[in-house]
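Read the figures in this text as sums done on the coordinates, not as results from a lab. This one's a predicted model, so the numbers in the text were calculated from it and none came from an experiment. Don't worry about glycine lacking a Cβ; one is built from the backbone with ideal geometry, like all the others, and counts go over all protein chains shown.
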Amino acid sequence: MKISELPLTKPIKDIFQQQGIISLYPPQEKAIKSVLDGENLVLAIPTASGKSLVAYVAMFHRIIKRGGKALYVVPLIALAREKYEELSVFENAGFKIGISTGDLDDSDPRLARYDIIICTSEKADSLLRHKVSWVYEVSTLIIDEIHLIQDPTRGPTLEVLIARFRSLNPETQIIGLSATIQNAIDLSIWLDATLVESEWRPVPLKEAVIYNRELIYDTGEIEEIEKTKSSVLDELVNQSLSEKGQVLIFVNTRRSTASVARKIGTVTKDHLTTDEKIKLNQNIKDFVHRHTEQTSIDKTLLFCLKNGAAFHHAGLASYQRRFVEQSFKEGLIKCIVATPTLAAGVNIPAKRVIIRDLWRYEGNMGMQPIPVLEYKQQAGRAGRPKFDTEGQAITIAKKSSQKKLILSRYIHGETEPIFSKLGNQASLRMHLLSAIATGFVQTDEDINKFIDSTFYAYQAEVFTLQDEIDQTIEFLIQHQFINESKDGYEATPFGLKTSSLYIDPLSAVELKKNLMSAESVSKLPTEIAVLQTVCSTPDIRSLYLRKSDSWVGTVLQGCQDQLFCNVPLQVDSEYEWFLSDFKTALLLRDWIEEKTEDAMIAKYGVGPGDIHGIVQTVHWLLHAMREFARMYYFDAVSFLTGLGLRVEYGCKKELLSLIELKGIGRVRARRLYQHGYNSLESLRKASVKELRSIPTIGPGIADRIKKQLNQSTNYHDSQITEFLEDKNDSI
């Protein structure tokens, strides 16, 4: 079937054809026939086989035929951005495209005006909690990476989201996009959907294992790699680059990504053209100019980039990952060395994928083999449509027994079945409270009916979950999230607020308890007390405690009297967990005291991405704590407002009036302050020439500052004003 034959408007078909999409792939054609008939669909096909096109056709056709809106749900913010960029071109065909990945306690009313809305599963769930009216207009629900329903963290949210949409509007067409999984039929039966499965790929994939320089392919073909002074890894990379192909290398640790990328740079640099070197150096120069706070990780990354190589892992800041991804897409980076997180992220295929590590360290279990599904996701990145005639995924065996295991388990083996992760207290207390707070359920009968509509209930009898449900309801009543009456359950103001804030009810209990403890003695909390409280909640993943972190206990001894809680005895099993939480709190304290990221990376053994991730979550929890303070201890509101802003921007109090200016981060704000510009008024009096002379400011930033100040006479955020005008503030 050709694109021109689809029942879509001419502008839509023209856009597809301009993108080089003329005909449908076999699995696309089969899937689209079901979609056009109005059926629900589970599409389980390999990476790069055209799942997104099926989703796009489904949305456009449904909106044209029946009106309404389409909601496109993805697991990651980076994927939401990628989908938004892909779909924005269809605004020329008359569709309004929106994206929302922001605050989870915001109903985002602007979304009502869009035809297609892209968001993460958490944001979609939060919109349901806010009872936005337009959800009833959703005629198509796209669930990208639906197999992540088995993920312990985001899986339950995804599962509940689907179940609630099916209940709210049974006519909504649901399209689930998945990698190839063993029990995709279970998802299709649960969703009452047509299942389209296929191993077909637009670029054929050859899988192989190499041992002693002998490549053994899935077809049985054997190829000898010439023995040279170079390592096998170097030879495999050089071979691919010589054929004008890029390479992805997957390893099992962050440290390995950087060390391997440095070494691979000796290979990739010889494959950079003069023009590519010039462009790469210019991009690096722009990158350094935009990001004033350089770290040791930046320096290592930039060193690798100059040679046409890079590394990629969750410890990098989002701007670093985006720079690597974009440079790879432009062909300037020839090889990325990454942890498996890249395989589940944005779409960056390569001609050859090399999977160096199929084992990784797991807690107290030692080295364990990775899941087959994870291997298939990595291998599936091999082969660039329109560029390669085939993709190659090569694993490296270190011994003969590994070679046999790789061939049987990974190359010729099946992926694991997926299972619901809804059946635990943490998931149930979040989602049952939400269901009660929004009026979605009111009685025990409603709750059982709701649970019965989930994937968990499809895979297991509801009665097996009854004890967990009963305990969850008891917890919610005991901690005053809900009340029980003869008519059923009703959320209290505390329960409503917790649900809208999108935090774990257990976190809410901890925040409320410590606020009321401070109120009982009419005492404002201290910075470290609040940070330690927030970092001890289940919404925060605390930092790992290393053997070299004995200093944390020493600092704790000097702070014990400032904390809300008693410190466990050192012989207590909880003591080490407490130290991990406290270490995380100390990282936040260093952050708001303007310690450099480089110093924090060395001190805490983290990456910039870890710092920013913790900062983002803690900022959100401080916002939640401030909302609870409005209910239980109003005197603490101003204190928490100021602390929240300092965490958001990573600065001391005196910079808060400056840092709200666009383009002025904490480094530039400190530079301005050091040169006597301690307020917006003082900046208004400064000339552009004076501002340009300040290190890290320069002409562009100076012009932006003056332009912003000329546009408005009030740059105080309402929260900053509230904070700065409180003379009794203790920060």
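Apply the Karplus parameterisation 6.51 cos²θ - 1.76 cosθ + 1.60, with θ equal to phi minus 60°, to every residue of the stretch 103-109 and state each ³J(HN,Hα) to the nearest whole Hz, in sequence, with x for glycine and proline.
The phi angles translate into 3, 8, 10, 10, 6, 6, x Hz.
Quick one: net charge around ASP504, please, counting Lys, Arg +1 and Asp, Glu -1 for every other residue with C-beta under 11 Å from its C-beta.
Spelling it out: positives minus negatives among the neighbours equals -1.
Report, in listed order, any pair from LYS329/LYS386; LYS263/LYS404; LYS123/LYS497 with a Cα-Cα distance greater than 24 Å.
On the way: LYS329/LYS386 14 Å; LYS263/LYS404 29 Å; LYS123/LYS497 16 Å.
Listed pairs above 24 Å: LYS263/LYS404.
Multiplying the sequence separation of ALA314 and SER682 by 0.36 nm and subtracting their Cα-Cα distance, what value in nm do you get?
Result: 128.5 nm gained on full extension.
Looking at the stretch 265-332, which GluC sites (Glu not before Pro) are in a loop (DSSP not H, G, I, E or B) and have at most 12 other Cβ atoms within 10 Å?
Of the GluC sites (Glu not before Pro), the ones in loops of the stretch 265-332 whose Cβ has at most 12 other Cβ atoms within 10 Å are GLU330.
What whole number of Å gives the distance from the Cα centroid of the stretch 62-140 to the Cα centroid of the stretch 165-202?
Taking the Cα centre of the stretch 62-140 as reference, the centre of the stretch 165-202 is 20 Å away.
Run down the lysines and flag those whose C-alpha is under 23 Å from the C-alpha of LYS707, throwing out any fewer than 8 positions away in its chain.
Here the lysines satisfying the reach criterion relative to LYS707 are LYS662, LYS685, LYS689.
May I ask you to evaluate 6.51 cos²θ - 1.76 cosθ + 1.60, the Karplus curve with θ = phi - 60°, for each residue of the stretch 378-385 and list the ³J(HN,Hα) values in order in whole Hz, giving x for glycine and proline?
Listing the rounded values in order: 5, 4, x, 6, 7, x, 9, x Hz.
Order these peptides, 226-232, 215-221, by their mean beta-carbon neighbour count within 10 angstrom, highest first.
215-221, 226-232
Can you grab the distance from the C-alpha centre of the stretch 349-373 to the C-alpha centre of the stretch 315-345, Å, no decimals?
18 Å
Output the antiparallel fraction of DSSP beta bridges having both residues in the stretch 205-411, as a percent to the nearest 5.
30 percent
Sorted by average packing, counted as other Cβ atoms within 10 angstrom per residue and highest first, what order do 693-700, 583-590, 508-515 take?
Ranked from most to least packed, the peptides come out as 583-590, 508-515, 693-700.
Which value in nm describes the separation of the simple spin-label points at THR696 and VAL462, placed 7 Å from the Cα toward the beta carbon?
According to this spin-label approximation, the distance is 5.8 nm.
State which entries of LYS206/LYS244; LYS227/LYS351; LYS277/LYS376 exceed 25 angstrom in Cα-Cα distance in the structure shown.
LYS277/LYS376
R0 = 22 Å: FRET efficiency of ALA112 with ILE185, Cβ-based, nearest 0.05?
Details: r = 37 Å, r/R0 = 1.68.
About 0.05, to the nearest 0.05.
Would you mind pulling out the separation of the Cα centroids of the stretch 226-271 and the stretch 547-581, in Å?
44 Å
For the stretch 47-53, in order, what is each residue's ³J(HN,Hα) by Karplus, 6.51 cos²θ - 1.76 cosθ + 1.60 with θ = phi - 60°, in whole Hz (x at glycine and Pro)?
Per-residue couplings from phi come out as 4, 6, 9, x, 5, 4, 4 Hz.
At 222 nm, what helix-only mean residue ellipticity would the chain give, in deg cm²/dmol to the nearest 500, using -39500 (n - 2.57) for each DSSP H run of four or more?
Dividing the helical sum by the residues of the chain leaves -14500 deg cm²/dmol.
Please give every one of the lysines within straight-line cross-link reach of LYS603, meaning a C-alpha to C-alpha distance under 23 Å, and leave out same-chain neighbours fewer than 8 residues apart.
Here the lysines satisfying the reach criterion relative to LYS603 are LYS299, LYS547, LYS583, LYS595, LYS652.
When we measure straight from the Cα of LYS513, which aspartates and glutamates land under 17 angstrom away, once same-chain ones fewer than 8 places off are left out?
The qualifying aspartates and glutamates are ASP504, GLU527, ASP539, GLU627, ASP635.
Would you mind telling me the antiparallel percentage of the DSSP bridges in the chain, rounded to 5? Write out the running numbers ahead of the final one.
On the way: 15 of 65 bridges.
Of all bridge pairs located within the chain, approximately 25 percent are antiparallel.
Could you tell me the calculated FRET efficiency between SER522 and GLN425, based on Cβ-Cβ distance and R0 = 30 angstrom, to the nearest 0.05?
E(calc), rounded to 0.05, equals 0.30.
Can you compute the FRET efficiency between LYS269 and PHE387 using 1/(1 + (r/R0)^6), with r the Cβ-Cβ distance and R0 = 30 Å? Round to the nearest 0.05. Don't skip to the answer; put the middle values down first.
Numbers: r = 22 Å, r/R0 = 0.74.
After rounding, the FRET efficiency stands at 0.85.
Count the net charge of all other residues whose Cβ sits under 15 Å from the Cβ of SER4, scoring Lys and Arg as +1 and Asp and Glu as -1.
0
Would you calculate the separation in nanometres between label points at ARG66 and LYS398, each defined as 7 Å from the Cα along the Cα-to-beta-carbon direction?
Rounded to a tenth, the inter-label distance reads 5.4 nm.
Please compute the net charge surrounding SER679, taking Lys and Arg as +1 and Asp and Glu as -1 over other residues with Cβ under 11 Å from its Cβ.
Local net charge: 0.
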